[in-house]
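Notes to accompany the following structure.
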Amino acid sequence: MSSEILTPVLPESVADATVVTWSKKVGDSVKQDEVLVEIETDKVVLEVPAPADGVLTEIIEQAGATVISSQLLGRMTIGAVAAAPKVEAAPVAAAPVAASAEPQTAPAARKLMAENNLTAADVDGSGKQGRILKEDVQAAVAAKPAAAPVAAAPAPTVTVAASGARMEQRVPMTRLRARIAERLMYAKQSTAMLTTFNEIDMKPLMDMRTEYKDAFEKKHKAKL
């Protein structure tokens, strides 16, 4: 059974609201009382829950849209179950081709090959059944062209942020914060900002205290 998802009834002083975000996508399963979408007014953020278990089938008003009371936001199917995601079969890896047997290498030849970064494919063996001898490696090294000198890589440039620099990021104000800023600016522009100063000459009072403080302390055992 299809069910409509509506905007909650807004207070009389609130004309409209803004869709902030959807917590579910089309095709997602939802539980009863689970939050589907959040709506922000000038005063509060409202949560629209799911009326029952089911699947969200349609989103009509996307995030950022302006809506009014009881406006249709989307639809869901009550009692439905979300389809299981399709699982693709993993491709079968091809059987590895057996590598051709490498020719035997004499220990001295193997050490010399490692020192000169050579492999068995780089050396033609002259021994019995293609066995690689030390002389074969020496001949391959002599025939190998000299490697060109490697130029030194330039030092990487490191960009250092200025000391004490603060990161800044500009983001759009929410509806609630925009209303607060509007009210603050209105109060500043429509209210007289005054500061009152009252000046009092305390010298006569200080003179009287100096005159009677000793007698007062002697009589009442307390400082004036």
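Kindly establish whether Lys213 is free of Cβ contacts under 8 Å to residues at least 40 places away in the same chain, surrounded by fewer than 10 Cβ atoms within 10 Å (Cβ to Cβ) and of a type in the set (D, E, K, R).
Details: free of Cβ contacts under 8 Å to residues at least 40 places away in the same chain: yes; surrounded by fewer than 10 Cβ atoms within 10 Å (Cβ to Cβ): no; of a type in the set (D, E, K, R): yes.
Considered against the rule, which asks whether it is free of Cβ contacts under 8 Å to residues at least 40 places away in the same chain, surrounded by fewer than 10 Cβ atoms within 10 Å (Cβ to Cβ) and of a type in the set (D, E, K, R), Lys213 comes out as no.
For residues that are among the small types (Gly, Ala, Ser) and touching a strand residue (DSSP E or B) at 6+ places or on another chain (Cβ under 7 Å), scanning just segment 10-42, find the one that is nearest to Gln71 (Cα to Cα). Steps first, answer last, please.
Step one: of segment 10-42, the residues among the small types (Gly, Ala, Ser) are 13, 15, 17, 23, 27, 29.
From the residues that got through so far, the ones that are touching a strand residue (DSSP E or B) at 6+ places or on another chain (Cβ under 7 Å) too are 17, 23, 27, 29.
Values: Ala17: 10, Ser23: 18, Gly27: 22, Ser29: 23 Å.
This residue is Ala17.
Could you check how many residues of segment 182-209 are among the hydroxyl-bearing types (Ser, Thr, Tyr), surrounded by fewer than 10 Cβ atoms within 10 Å (Cβ to Cβ) and assigned to a helix (DSSP H, G or I)? Give the steps one after another, and end with the answer.
At the first step, the residues of segment 182-209 found to be among the hydroxyl-bearing types (Ser, Thr, Tyr) are 186, 190-191, 195-196.
Filter once more, keeping what is surrounded by fewer than 10 Cβ atoms within 10 Å (Cβ to Cβ): 190-191, 195-196.
Applying the additional criterion that residues be assigned to a helix (DSSP H, G or I) yields 190.
Matching residues across segment 182-209 total 1.
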Q: Taking the residues in segment 36-49 that are at pLDDT 90 or above and of a type in the set (A, V, I, L, M, F, W, C) as candidates, determine which candidate is farthest from Thr77 (Cα to Cα).
A: Ile39
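Table: residues versus (1) surrounded by 14 or more Cβ atoms within 10 Å (Cβ to Cβ); (2) at pLDDT 65 or above; (3) touching a strand residue (DSSP E or B) at 6+ places or on another chain (Cβ under 8 Å).
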| position | (1), (2), (3) |
| --- | --- |
| Pro107 | no, yes, no |
| Met113 | yes, yes, yes |
| Gly127 | yes, yes, no |
| Ala139 | yes, yes, no |
| Val150 | no, no, no |
| Ala155 | no, no, no |
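The values are calculated or read from the model by the stated rules, or taken from the named source; none is laboratory data. Worth saying up front: this structure is predicted, and the values here are computed from it rather than measured. Here Cβ is always computed from backbone atoms with ideal geometry, including for glycine, and neighbour counts include all displayed protein chains.
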